[in-house]
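Working notes, structure below.
The values are calculated or read from the model by the stated rules, or taken from the named source; none is laboratory data. All of these numbers come straight from a predicted model, not from anything done at the bench. Methodologically, a virtual Cβ is constructed for each residue, glycine included, from the backbone with ideal geometry; neighbour enumeration extends over all protein chains shown.
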Amino acid sequence: MSGIPKLETERLILRGHRPEDLEAYHRLWCDQGVTRFTSRTSMNREQAWSRIMQFHGMWKLCGYGMWVVEEKATNSLIGEVGLLERRREIQPSLDGTIEAGWMLLPRVHGQGFAQEAMEAVFSWAGPTYPGAVFSCIIDVENEASLKLARRLGFTETIQTTYQDHPTVILRRG
């Protein structure tokens, strides 16, 4: 998976998606705790594969994308984090920003993994994209992600609706 930087923290490895991740990745996106505030529906295996392929294309086209989050202690795939170019149909537009996103399995929530991973992402992104403005969208009911976004330096810009759900748009930088 050349061109996708591997990032390491004390407890995590952030790396590109691999073909052999498919089964674990599919299970990840079938977990209701993962999909509750994101896709709101499970992915089938084909959709999971398409998403893996999509992120490789995003890295090629944009120079950034999503990383698999692997827990060092267990060598298991526990989520994904990174930077996105989605061209979402949302108002106000996110155009001109780099969207940040994170999602981890519920069994690892509350352990600081998401913050640790996203701090590594921003440590990489800062010098790679100096002066960039980052955005994220979070379901208004996802209090844990809203708190994390604020700890990561995001501030709320507006509440809106995205795909018929109340959503907060936040920006950083």
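Worth pointing out:
- Scope region 109-140; condition more than 16 Å from residue 167 (Cβ to Cβ), outside any loop (DSSP other than H, G, I, E, B) and among the polar types (S, T, N, Q); matching residues: 115, 123, 128
- Filtered by the rule that a residue be of a type in the set (Val, Ile, Thr) and touching an Asp or Glu at 6+ places or on another chain (Cβ under 7 Å), region 135-173 gives 167, 168.
- Residue 158 being aliphatic (A, V, I, L, M) and over 15 Å from the mean Cα position of the chain (by Cα): yes
- Neighbours by Cβ (under 6 Å, 6+ apart or cross-chain): first from region 52-68, of a type outside the set (Phe, Trp, Tyr); second part of a strand (DSSP E or B): 65/82; 66/80; 66/82; 68/15; 68/77; 68/80
- Subset of region 10-33 (residues that are of a type in the set (A, V, I, L, M) and modelled with pLDDT under 90): 28
- Among residues that are modelled with pLDDT of 90 or more and over 18 Å from residue 116 (Cα atoms), residue 36 is not included.
- Among residues of region 141-162, those that are touching a residue at least 12 places away in the same chain (Cβ under 8 Å) and either over 20 Å from residue 104 (Cβ atoms) or part of a strand (DSSP E or B) (or both), counted: 7
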